Amino acid sequence: MNPRCCGILALLIAVLCAPHLRIEAEEGLAPQTGGQTMTKPYEAKDYSRLIGMPGFSDTLLNNHFKLYQGYVKNANLVHEKAVSLCMAGQNGTPEFAELTRRFGWEFDGMRLHEYYFENLGGKAPLGADTPLAREIASQFGSLDNWKTDFLGVGSMRGIGWVILYEDTQTGKLFNCWIGEHDTGHLAGCQPILVMDVFEHAFFTDYQLDRKSYLEAFYKNIDWAAVAKRYQVVVAK
């Protein structure tokens with residue numbers, strides 16, 4: 001392999017593979033080398049616990065799970081193909097460039113769905129005296145003000161994601177619209193709450209009545225999961 005390809009391969013692996021390598025190190029597994037895959041593939045998580053959730057039909061949820069599983073499969077596939085091309089000295093090809101660009105879209109599609117499913121299934125509202133509720137009220141004036149803002153972002157025309165971010169440097173909270181999985185994210189910010197507003201998330205049950213979907217989502221937020229993400233940022 002020529003030196004230029006070696007350098008690019010090292011960078012590619014650092015960007016695409018570092019999360020996998022960290023997992024392997026934590027589990028005491030030795031990364032594979034040579035021509036074999038260097039990382040463990042991602043595996044789709046089981047979110048069947050959400051079946052029966054009020055406001056979400058089993059059909060809608062099962063179809064959504066299948067779509068998520070497709071992102072997991074393609075994130076692995078794109079990663080492996082890009083690394084294989086570079087190892088074969090084809091890092092200067094259009095195929096390599098497009099696969100490398102595509103990886104972010106597939107990976108974020110996988111990860112954002114995991115955030116989404118994992119912050120659903122709750123049965124209790126956010127307690128007014130919890131650290132997260134107090135911080136939201138401090139920055140937005142009240143929890144109701146924040147809810148109006150968050151759901152207002154979700155009501156905007158278009159398809160994408162609504163994400164409550166926390167700036168890990170300042171603690172500032174932002175309700176943001178993300179149109180595509182891999183564009184528009186705030187650098188250095190942690191997703192605290194993620195809501196899917198692509199049509200597949202609601203059309204089966206609500207057709208064009210997005211407002212009813214937004215309210216159903218809000219009623220099912222797992223605030224314990226959201227607070228846990230918030231606490232991780234605060235602890236840093």
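The values are calculated or read from the model by the stated rules, or taken from the named source; none is laboratory data. Since this is a predicted model, take the numbers as computed values, not measurements. Cβ placement follows ideal geometry from the backbone for every residue including glycine, while neighbour counts extend to all protein chains displayed.
Before moving on, here are some points about what is shown:
- Among (1) under 24 Å from residue 54 (Cβ atoms); (2) among the aliphatic types (A, V, I, L, M); (3) in contact with a helix residue (DSSP H, G or I) (Cβ under 9 Å, 6 or more places away or on another chain) - the single one residue 208 does not satisfy: (3)
- Residues of the range 23-72 that turn out to be exposed (fewer than 11 other Cβ atoms within 10 Å of the Cβ) and modelled with pLDDT under 95, as a count: 8
- For the range 158-209, a tally of residues being closer than 26 Å to residue 102 by Cα, of a type in the set (Ser, Thr, Tyr) and surrounded by fewer than 21 Cβ atoms within 10 Å (Cβ to Cβ) returns 1.
- Close pairs from the range 223-236: first over 14 Å from residue 189 (Cβ atoms), partner part of a helix (DSSP H, G or I) and among the acidic types (Asp, Glu), Cβ under 6 Å, at least 6 apart: 225/118
- Out of 115, 165, sole residue that is part of a helix (DSSP H, G or I), at pLDDT 95 or above and hydroxyl-bearing (Ser, Thr, Tyr): 115
- Selection within the range 129-153 - surrounded by 13 or more Cβ atoms within 10 Å (Cβ to Cβ) and either assigned to a loop (DSSP other than H, G, I, E, B) or touching a strand residue (DSSP E or B) at 6+ places or on another chain (Cβ under 6 Å) (or both): 130, 139, 142, 149, 150, 153
- Scan of the range 87-128 for residues that are surrounded by 15 or more Cβ atoms within 10 Å (Cβ to Cβ), more than 25 Å from residue 181 (Cα to Cα) and out of contact with any strand residue (DSSP E or B) (no Cβ under 8 Å at 6 or more places or on another chain), ordered by number: 87
- Filtering 128, 137, 124, 133 for residues that are in contact with a Gly (Cβ under 8 Å, 6 or more places away or on another chain), among the hydrophobic types (A, V, I, L, M, F, W, C) and over 14 Å from residue 47 (Cα atoms) leaves a single hit, 133.
- Residues that are small (Gly, Ala, Ser) and within 16 Å of residue 123 (Cα to Cα) within the range 190-231 comprise 216, 224, 225, 227, listed in sequence order.
- Here is the figure for the range 194-236: residues that are out of contact with any Asp or Glu (no Cβ under 6 Å at 6 or more places or on another chain), at pLDDT 95 or above and part of a helix (DSSP H, G or I) total 24.
- Look at (1) in a helix (DSSP H, G or I); (2) of a type in the set (A, V, I, L, M); (3) closer than 20 Å to residue 195 by Cβ and you find that residue 124 fails only one, number (1).
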